[in-house]
Amino acid sequence: MTAFKFGPYPISASEIFYSTRNVFGLVNLKPVTPGHVLIIPRRVVPRFADLTTAEAHDLVIAAQRVGKVVEREYKGESLTITVQDGPAAGQTVPHVHIHVMPRRKGDWADNDDIYPEINRKEGELGRALKNRVDAEAERKPRSHEEMAEEAGKLRVFFKDVSQAEGGADIWNN
Ligand code: AMP
């Protein structure tokens, strides 16, 4: 059984919904939008430039496939797909990850306010926009049970991919 890690954190396979030989999809501990998920290489490397060609390929293909499903399942109309590549760019977990977030018209008063929200720097954003502060205060870490339930719902859409592309291990737990 493969041990999954997100940076220094061990990840339970039950919180993973997408898996191939090079990458996995993880539900978010503190989602910014409903359906905000992360696509992560299995190998723990901090920077986008550290990825092999195969990993970079699989990561982007995974973002395409997963984006299509979460946009549909969470009734989005668009997607924010973003990478914070290095600490100066806001990366908090030193392991490459693509954020995939379903978006709807008007979900944020100013469309690009979603970027500082991803960072959640304490106090910094509060002074700028009150509604963002309220949203942040409400964004508590989710329980393992809640995350596993969401991963279970999304996982069914990717069973064939897991079996065909070397990621069956999430189904064996
Ligand atoms: P970044 O600031 O770009 O490094 O994003 C880190 C992301 O990882 C945030 O969306 C966090 O909510 C999420 N996160 C951190 N730890 C975990 C974890 N153990 N499981 C799932 N998501 C996590």
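The values are calculated or read from the model by the stated rules, or taken from the named source; none is laboratory data. These numbers were taken from a predicted model, which means no experiment stands behind them. For neighbour counting, all protein chains shown are included, and Cβ atoms are generated from backbone atoms with ideal geometry for every residue, glycine included. When the accessible area is computed, the model is the full protein with side chains, heavy atoms only, and any ligands, DNA or RNA have been set aside. Shrake-Rupley method; radii C 1.70, N 1.55, O 1.52, S 1.80 Å.
Some values worked out for this structure:
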| item | result |
| --- | --- |
| Any hit, segment 25-48, residues being outside any helix (DSSP H, G or I), touching a residue at least 24 places away in the same chain (Cβ under 8 Å), more than 14 Å from H99 (Cβ to Cβ) and open to solvent by less than 20 Å² (accessible area, probe 1.4 Å) | yes |
| Lone qualifier among D107, D58 - being in a loop (DSSP other than H, G, I, E, B) and of a type outside the set (A, V, I, L, M) | D107 |
| Test result for A63, surrounded by fewer than 15 Cβ atoms within 10 Å (Cβ to Cβ) and either on the phi > 0 side of the Ramachandran plot or of a type in the set (A, V, I, L, M) (or both) | no |
| Subset of segment 69-97 that is within 14 Å of the chain's Cα centre (by Cα) and part of a helix (DSSP H, G or I) - its residue that is nearest to the ligand (Cβ to nearest atom) | V70 |
| Pairs where the first residue, in segment 141-166, is over 21 Å from P10 (Cβ atoms) and the second is part of a helix (DSSP H, G or I) and more than 16 Å from the ligand (Cβ to nearest atom), C-beta under 6 Å, 6+ apart | F157/V69 |
| Subset of segment 98-114 (residues that are within 14 Å of the chain's Cα centre (by Cα) and without any contact (Cβ under 8 Å) to a residue 24 or more places away in the chain) | none |
| Exclusive hit being modelled with pLDDT of 95 or more and under 21 Å from W171 (Cα atoms), set F24, F48 | F24 |
| Selection within segment 1-24 - aliphatic (A, V, I, L, M), open to solvent by 20 Å² or more (accessible area, probe 1.4 Å) and within 12 Å of the ligand (Cβ to nearest atom) | I11 |
| Lone qualifier among A89, A62, A49 - being in contact with a Ser or Thr (Cβ under 9 Å, 6 or more places away or on another chain) and over 15 Å from E150 (Cα atoms) | A62 |
